[in-house]
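A.B. asks: Take this structure first; my questions come after.
The values are calculated or read from the model by the stated rules, or taken from the named source; none is laboratory data. Everything numeric here is computed off the predicted structure, so don't read it as measured data. Virtual Cβ from ideal backbone geometry, glycine too; neighbours counted across all protein chains shown. The protein model used for the area step is the full one, side chains on, heavy atoms only, and it has no ligands, DNA or RNA in it. Shrake-Rupley method; radii C 1.70, N 1.55, O 1.52, S 1.80 Å.
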Amino acid sequence: MPPAILVRASGPLAGRVRVGGAKNSVLKLMAATLLAEGRHHLRNVPRIADVGIMADLLTAMGVQVRSCGARDDGLLLDVPAECRPEAPYELVERIRASIVVLGPLLTRFGAARVSLPGGDDFGPRPIDMHLRGLEAMGAELELDHGYLVGRCDRLHGAEVTFDFPSVGATENVLMAAVLAKGTTVIDNAAREPEIADLCAFLTAMGAEIEGVGSSRLVVHGVEPSDLRPTTHTVVPDRVEAATYLAALAVAGGRLELVGARRDHMQMLLAKLGDAGLDVTVTPDGLVASAAGRPRAVDVATLPYPGIATDYKPMLTAMLSVAEGVSIVTENLFAGRFRYVDELVRLGADIRTDAHHAVVRGVPRLSGAPVRAHDIRAGAALVVAGLAAEGETLITDAHHLDRGYEDLVDKLRSVGVSIDRL
Ligand code: EPU
């Protein structure tokens, strides 16, 4: 039986929560270790299921992956001189992010066989920009029975301009460029903090990258012998922090988010300020407080530094109990409104039309059995459950384990009535 989570109306919240390392950074850092032989050490690694799946994928290639111990949040990755450059369907299907092994495998080993990831719960997830970027650098790619099979002599530098600042395409081309011959310019690159984190890791390994944090990355390729394994601390997870802030806005109270970084969440914090949350920066992270119902605000998702699409389900849950009417617009993933039907089961008044949702705030929701379709949809249901009379039973809660470390324990420690079944 997949796990379920039972949440009861709760609040006010009080206490400290530690924000862990970012899922969407650590998975790419693990893939990046493929670029250099030797022992890499990642710190602040979240204990989440996706890290385990990525570890299985790297292990299947010949990398030795082990945790530094029960009380240590580190991961050691021993990358051999030769790897088996293959990502099988059984693992890729469980974790779409595994497509980012394509660039490192091609550039280091001149070969890759990576299963195509397929669609998921937010609709089509094409990878055409990843492929065009790698082809511009000299990779030959073909589709063979569901697998992308790539070959190349040494990749060469190229000018790659993305139609859209895709996170995954930027990461794949960036990692490929590190060992390419000559200079690669990536224009309209994604600017998410997790990409800057990857650049910092690659630079510490010996890569030469200019424009870190901007939408124009210039990568001067180096020789394999110039790269060395390194130690790196994973950037904090801004989506995890946003989840606790949305919970606070719904339940009220005061929370200290240890490790959260305001500079990674500026637009979100401005929006939450408009909704009534009071946030201040401390030497350790952020302190936020909320009283009464949140106020309605309009939200439109955009690539960084805009409001991340990953925040949106939790924000929609928060707005479903806000005073007033909010319009939520999804600009990244056409199908990312599936969780709305579950919020409606809890009594939310939400109408969707194409990529917009009109959210008419109601004072209280009403607990019911609901299903988590993906990680953030599950988090949204937990947030909604805080304002739902009676009990909210969230099934398929294993999705939450993919991206949240100790969600239930962390929320319980700040006063939420929540159990894992
Ligand atoms: N796109 C294309 N062609 C491509 C690549 C992307 O059309 O070749 C489109 C996508 O269909 C989408 C948009 O571009 O409409 C953005 O996709 P992007 O490539 O930026 O997303 P991603 O790399 O697949 C990562 C995160 C997602 C997050 C998005 C957007 C990881 C593992 N995943 O996905 O996180 O929503 O960026 O910020 O980093 C999550 O954590 O729950 C999650 C889904």
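A.B. asks: Please report the spacing between the Cα centers of the range 183-242 and the range 307-362 in Å, no decimals.
C.D. replies: Each part reduced to its Cα centre gives a spacing of 33 Å.
A.B. asks: Could I ask something else about it? Can you give the calculated 222 nm mean residue ellipticity of the chain, where each DSSP H run of n ≥ 4 adds -39,500 (n - 2.57) and the sum is split over every residue, rounded to the nearest 500 deg cm²/dmol?
C.D. replies: Calculated from helices alone, the mean residue ellipticity at 222 nm is -9000 deg cm²/dmol.
A.B. asks: Under a GNM of the chain (C-alpha, springs under 10 Å), which listed residue has the highest mean-square fluctuation: T392, T280, T33?
C.D. replies: Answer for the Gaussian network model of the chain: T280.
A.B. asks: For the chain, compute the number of Lys pairs whose alpha carbons are separated by less than 23 Å, excluding pairs fewer than 8 positions apart on the same chain.
C.D. replies: 6
A.B. asks: Take the range 48-117, drop everything but the C-alpha atoms, weight them equally and run the Debye formula without solvent; then report log10 I(q)/I(0) at 0.28 Å⁻¹ to two decimals.
C.D. replies: Debye intensities relative to I(0), on a log10 scale: -1.31.
A.B. asks: Keeping all protein chains in the complex and leaving out DNA, RNA and ligands, what accessible area do you get for D341 with a 1.4 Å probe, in Å² to the nearest 10?
C.D. replies: Number for this one is 100 Å².
A.B. asks: As a test of the definition: which semi-axes, in Å, follow for the chain when you take the square root of five times each eigenvalue of its alpha carbon gyration tensor? Largest first, please.
C.D. replies: Gyration-tensor ellipsoid for the chain: 38, 21, 20 Å.
A.B. asks: How big is the dipole moment of the chain about its Cα centre under a simple scheme where the beta carbon of each Lys and Arg is +1, that of each Asp and Glu is -1, and everything else is neutral? Debye, nearest 20, please.
C.D. replies: It comes to approximately 940 debye.
A.B. asks: Then there is this: I need two numbers for the range 241-298: Rg to one decimal and Dmax as a whole number, Cα atoms only, in Å.
C.D. replies: Calculated on Cα positions, Rg and Dmax stand at 10.3, 31 Å.
A.B. asks: Now for a different question. Roughly to the nearest percent, how much of the accessible area of the range 23-233 is carbon and sulfur, given a 1.4 Å probe?
C.D. replies: Ligands and nucleic acids excluded, carbon and sulfur give 48 percent.
A.B. asks: Which percentage, to the nearest 5, of the DSSP beta bridges contained in the range 245-400 is antiparallel?
C.D. replies: 70
A.B. asks: Computed over the Cα atoms, what is the radius of gyration of the range 313-421 divided by 2.2 N^0.38 Å, N being its residue count?
C.D. replies: Computed over Cα atoms of the range 313-421, the ratio equals 1.02.
A.B. asks: Separate question: Taking a temperature of 25 °C and a viscosity of 0.890 mPa s, what whole-number D in µm²/s does Stokes-Einstein yield for the range 23-233 with Rh from Kirkwood over alpha carbon pairs?
C.D. replies: 147
A.B. asks: Right, here's the next one. Identify which of N24, N172, N188 has the largest mean-square fluctuation in a Gaussian network model of the chain, with springs joining Cα atoms closer than 10 Å.
C.D. replies: Comparing N24, N172, N188 in a Gaussian network model of the chain, the most mobile one is N188.
A.B. asks: When you take every Cα atom in the range 168-261, what is the radius of gyration, and what is Dmax, the widest Cα pair distance, in Å?
C.D. replies: 17.0, 55
A.B. asks: What ranking do 104-110, 158-164 get when scored by the average of other Cβ atoms within 10 Å per residue, highest first?
C.D. replies: The densest-packed peptide leads the list: 104-110, 158-164.
A.B. asks: Using Cα-Cα distances under 8 Å and only pairs 6 or more residues apart, what relative contact order does the chain have, in percent?
C.D. replies: After rounding, I find 21 percent.
A.B. asks: Something else now. Which of the trypsin sites (Lys or Arg not before Pro) found in the range 360-397 are in a DSSP loop and have at most 14 neighbouring Cβ atoms, other than their own, within 10 Å?
C.D. replies: Answer by residue number: R364.
A.B. asks: Next question, about the same structure. What fraction of the DSSP beta bridges in the range 133-246 is antiparallel, stated in percent and rounded to the nearest 5?
C.D. replies: Of all bridge pairs located within the range 133-246, approximately 75 percent are antiparallel.
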